[in-house]
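Working notes for the structure below.
The values are calculated or read from the model by the stated rules, or taken from the named source; none is laboratory data. From a predicted model like this one, the values you see are computed outputs, not experimental measurements. Note: ideal-geometry Cβ built from the backbone for every residue, glycine included; neighbour counts use all protein chains shown.
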Amino acid sequence: MDDRRGLSREPPAATGAAERVRTVVSPAAASGIDIRELRNALGCFATGITIVTARAADGQAAGVTANSFCSVSLDPPLVLWCLAKSAPSKSVFANATHFAIHVLAEHQADISARFSRPSKDKFAGLQVTDGLAGTPLLEDAVAVFECRCEQRYDGGDHLIIVGRVERYRHTDRPPLLFHFGRYCGVGRP
């Protein structure tokens, strides 16, 4: 039987058994794709590291580390990023009118690690200013893109969020990179 979660198989009931066993297999596993090896292969692509921030209507600030960021269009100026649907801050990002993407500098691995873990106040002790619609802005990033949310799309276990860049700034400092499951910089392995 097919369902939205993947393929399920109901093995024949053993003699005298009254219960049914249901096994759910993910679509990737059902297609023969080894999820761990796929993750390793995707790790071959070096990415930059960003912190995405937003503010809920009740004033709650949210921030997450994301390496799924890219330019979509220059005219109009659109960018996108992806958020795991399991993220504790999903409701903030799913409802925020604005968000900011901070491209981290080579020396900001500690900030990336801070925003990649659940925490009551990820912003504690950081210098933060308010951007468009009160979006929290972090200091010292290589680039910051302040965006109005244009679209949200379902993307499997992630939410794809497209934003229109309304304001930005940038520097020429080297960015923080992520490759093969670890942080690295432009000039070092």
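Here is a yes/no grid of residues against (1) surrounded by fewer than 16 Cβ atoms within 10 Å (Cβ to Cβ); (2) out of contact with any Gly (no Cβ under 6 Å at 6 or more places or on another chain); (3) over 30 Å from A41 (Cα atoms):
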| position | (1), (2), (3) |
| --- | --- |
| P118 | yes, yes, no |
| D130 | yes, yes, yes |
| A141 | no, yes, no |
| G181 | yes, no, no |
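So the check is Cβ under 7 Å with 6+ separation or different chains; which pairs have a first residue in the range 145-169 that's free of Cβ contacts under 8 Å to residues at least 12 places away in the same chain and a second one that's assigned to a strand (DSSP E or B) and of a type in the set (V, I, T)?
Filtered contacts from the range 145-169: Q151/V162; Y153/I160.
Would you check if there is a residue in the range 81-95 being touching a Pro at 6+ places or on another chain (Cβ under 8 Å), at negative phi and of a type in the set (S, T, Y)?
There is no residue in the range 81-95 that is touching a Pro at 6+ places or on another chain (Cβ under 8 Å), at negative phi and of a type in the set (S, T, Y).
Being modelled with pLDDT under 95, in contact with a Ser or Thr (Cβ under 9 Å, 6 or more places away or on another chain) and under 22 Å from Y183 (Cα atoms), is that true of even one residue in the range 130-139?
Yes, the conditions are met somewhere in the range 130-139.
Being crowded, with 18+ Cβ neighbours inside 10 Å and more than 19 Å from I51 (Cβ to Cβ) is the filter here, so list the residues in the range 66-84 that pass it.
none
Identify the residue in the range 111-168 that is in a loop (DSSP other than H, G, I, E, B) and basic (K, R) and, among all such residues, is nearest to the chain's Cα centre (by Cα). Let's see the steps before the verdict.
Residues of the range 111-168 that are in a loop (DSSP other than H, G, I, E, B), as a first pass: 116-127, 131, 135, 139-142, 156-157.
Next cut, basic (K, R) only: 117, 120, 122.
Working: R117: 12, K120: 18, K122: 16 Å.
Top of the filtered list is R117.
Which one of the conditions (1) free of Cβ contacts under 8 Å to residues at least 40 places away in the same chain; (2) exposed (fewer than 14 other Cβ atoms within 10 Å of the Cβ); (3) not aromatic (F, W, Y) does A87 fail to meet, given that it meets all the rest?
(2) is the only condition that A87 fails.
Does R152 qualify as being within 16 Å of W81 (Cβ to Cβ) and either surrounded by fewer than 18 Cβ atoms within 10 Å (Cβ to Cβ) or at pLDDT 95 or above (or both)?
Values: within 16 Å of W81 (Cβ to Cβ): yes; either surrounded by fewer than 18 Cβ atoms within 10 Å (Cβ to Cβ) or at pLDDT 95 or above (or both): yes.
Yes; evaluated as a whole, the condition is true for this residue.
For every residue, the table says whether it meets (1) farther than 15 Å from T65 by Cβ; (2) in the same structural domain as I51 (by TED's automatic domain parsing); (3) at pLDDT below 95.
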{"position": "A100", "(1), (2), (3)": "no, yes, no"}
{"position": "H107", "(1), (2), (3)": "yes, yes, yes"}
{"position": "I111", "(1), (2), (3)": "no, yes, no"}
{"position": "P118", "(1), (2), (3)": "no, yes, yes"}
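Can you give me the ranges of the helices (runs of 4 or more DSSP H) entirely in the range 10-97 with at least 3 residues that are within 30 Å of L176 (Cβ to Cβ) and at pLDDT 90 or above?
On the way: elements: 27-30, 35-42, 90-95.
The helices (runs of 4 or more DSSP H) meeting that bar are 90-95.
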